[in-house]
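To start, the structure under review is shown below, and the notes come after it.
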Amino acid sequence: MIVKQCIKESFVVIGKVGSTLDGDGFIQRLWADANSHFKEVQHLAKKDTNGNIIGIWGAMSDFSHSFNPWEDFSKGLYLAGVECYDSAEAPSGWTKWTVPGYEYICVEREDDDTFSRAIKYLNDKAIPLVGAVHDFTFPQTGKNYMLFPIRKLKVLETTQ
């Protein structure tokens, strides 16, 4: 397992939201819904200088919408969506989340055990998990990553 550290400032995801209360397979159903209606949000997606979408996210939060880890790593909210410009407004039927900025441990998803191996790594190194884990897909390569928040970034205060 290759472990890297990365920093990501606060960002916006617009997607289809659901929860573990929706039953088994809810994440797959959210992705099917988001993918089949993607044209509704495609114009809102943040793009690089070549016009490529910069990120597909499976953003997660606890039920309080505080972006804390899922309860027992098994109960929480999931937003299947695309990274969008901060000013973007979610169309009807879509949900907009502004994910706080964090320093992350980034791990490429190799198999179904990636999550548990990464949690063991954090525990073995005594690195606290300070937020909900997010799934990230880099569209240009199709590679999937899991991002484990280890430090919340401070928000710069502006004076008026």
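Things worth noting here:
- Count - residues of the stretch 43-58 that are out of contact with any Lys or Arg (no Cβ under 7 Å at 6 or more places or on another chain), surrounded by fewer than 17 Cβ atoms within 10 Å (Cβ to Cβ) and touching a residue at least 40 places away in the same chain (Cβ under 8 Å): 1
- Residue 10 vs. criteria small (Gly, Ala, Ser), more than 23 Å from residue 117 (Cα to Cα) and modelled with pLDDT of 95 or more: yes
- Residue selected from the stretch 72-115 under the condition under 26 Å from residue 42 (Cα atoms) and basic (Lys, Arg), by the criterion surrounded by the fewest Cβ atoms within 10 Å (Cβ to Cβ): 109
- Qualifying residue in the stretch 14-28 (condition: crowded, with 20+ Cβ neighbours inside 10 Å and either in contact with a Phe, Trp or Tyr (Cβ under 6 Å, 6 or more places away or on another chain) or on the phi > 0 side of the Ramachandran plot (or both)): yes
- Any chance residue 33 is outside any strand (DSSP E or B), in contact (Cβ under 8 Å) with a residue 24 or more places away in the chain, over 12 Å from residue 13 (Cβ atoms) and not polar (S, T, N, Q): yes
- Criterion violated by residue 61 - all others in (1) of a type in the set (Gly, Ala, Ser); (2) surrounded by fewer than 19 Cβ atoms within 10 Å (Cβ to Cβ); (3) farther than 18 Å from residue 140 by Cα satisfied: (2)
- Note on the stretch 66-160: enclosed strands (runs of 3 or more DSSP E) holding 3 or more residues that are under 17 Å from the mean Cα position of the chain (by Cα), closer than 14 Å to residue 1 by Cβ and not β-branched (Val, Ile, Thr) are 143-152.
- Restricting the stretch 116-160 to residues that are among the aromatic types (Phe, Trp, Tyr) and out of contact with any Leu (no Cβ under 8 Å at 6 or more places or on another chain), the residue that is modelled with the lowest pLDDT is 138.
The values are calculated or read from the model by the stated rules, or taken from the named source; none is laboratory data. Computed from a predicted structure; not experimentally measured. All Cβ positions, even for glycine, are placed from backbone atoms using ideal geometry, and neighbour counts span all protein chains on display.
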